Amino acid sequence: FFFKQKTAYEIIDDEIADLEEQIRLTETEITASVSDYVKLQELSDRKEELEVLLAEKMERWVYLNDLAERIANGEME
């Protein structure tokens, strides 16, 4: 159990950074697509999906960070 959590903890920062970059790139595309309603809607939907994924990753990060602190403090032995 702890190994799996540790592995997730080690990669979650990269996953969060990747989602933030995808959101930033999508926002750039949205700005460039203001005259194309269909594409604008698709990009807006995509951005919303990415923001939901980011929120989930952030919640997971908080949980894993708390778990790592408890393990470091000897609370999980």
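The values are calculated or read from the model by the stated rules, or taken from the named source; none is laboratory data. Because the structure is predicted, anything quoted here is derived from the model rather than measured. Ideal geometry is used to build each Cβ from the backbone, glycine not excepted, and the neighbour counts take in all protein chains shown. With ligands, DNA and RNA removed, areas are computed over all heavy atoms of the protein, side chains included. Shrake-Rupley method; radii C 1.70, N 1.55, O 1.52, S 1.80 Å.
Remarks
- Among the residues here, Asp14 qualifies as of a type in the set (D, E, K, R), modelled with pLDDT under 95, in a helix (DSSP H, G or I) and open to solvent by 80 Å² or more (accessible area, probe 1.4 Å).
- Tabulated pairs, the range 15-42, first without any contact (Cβ under 8 Å) to a residue 12 or more places away in the chain, second of a type in the set (D, E, K, R), C-beta under 7 angstrom, 6+ apart or interchain: Ser33/Lys39
- The single residue among Thr31, Thr26, Thr7 that is open to solvent by 80 Å² or more (accessible area, probe 1.4 Å), part of a helix (DSSP H, G or I) and among the polar types (S, T, N, Q) turns out to be Thr31.
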